[in-house]
Amino acid sequence: MSDAENAKPGKLDAPMRAALFGVIGAAVVLSLGSLVVVSPRFALGVAIGGALAPLNLWVFAQVGEAFLARRGNTAPWAVIGALKLVLLLGGVWLILRSGIASGLSLIVGYGALPIGITVGTLFGPKPPEDGPEADTTRRSFGDAPRKDVLKARPADEGDPSNEP
């Protein structure tokens, strides 16, 4: 049995786990770096932003997986996605309003999201491309076309559209 057949609802696949661990690792590195370079208060804001990043990615992965799997009614997942956005924006607003952290420190910490996704994608496991569940019609950008569409046919083949 393949991993896709053994996958439980809510269980992340290996590339998503790699991206999630990459985000967590980037958040830790950014937090420790800001502690050494800037100040403990700034590092606290970076840590808070860095904690929001993997949490946001995990919820996004769960909602996206539910939409793609089309398990049951997708309306509750749309509500969860909207609720995720409201909680994220509301939580950031509360943090900024209370003065616990500056906006810049939260942005630096939340920057762990694109950094970690990039690192996890580049150095993590690749999704399976072979096997019975692989889509054989899907091609990547670099694949050559099945026939040379730029090759012009000679005009002497008797094509009526090529005649003057």
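Read-outs throughout are calculated quantities, based only on the coordinates presented, and are distinct from any laboratory measurement. Just so it is clear, the model here is predicted, and its values are computed rather than measured.
Send over the per residue convex hull volume for the stretch 12-127, Cα only, as a whole number of Å³.
Numbers: hull volume 9.3 nm³, N = 116.
It is 80 Å³ per residue.
Suppose the chain between residue 86 and residue 69 were pulled fully straight at 0.36 nm per residue; how much longer would it get relative to their current alpha carbon spacing?
Values: separation 17, 0.36 × 17 = 6.12 nm, distance 2.44 nm.
Residue separation times 0.36 nm, minus the Cα-Cα distance, leaves 3.7 nm.
At 0.36 nm per residue, minus the direct Cα-Cα distance, what do residue 38 and residue 12 gain on full extension? Give it in nm, one decimal, please.
Going from the current span to full extension adds 5.8 nm.
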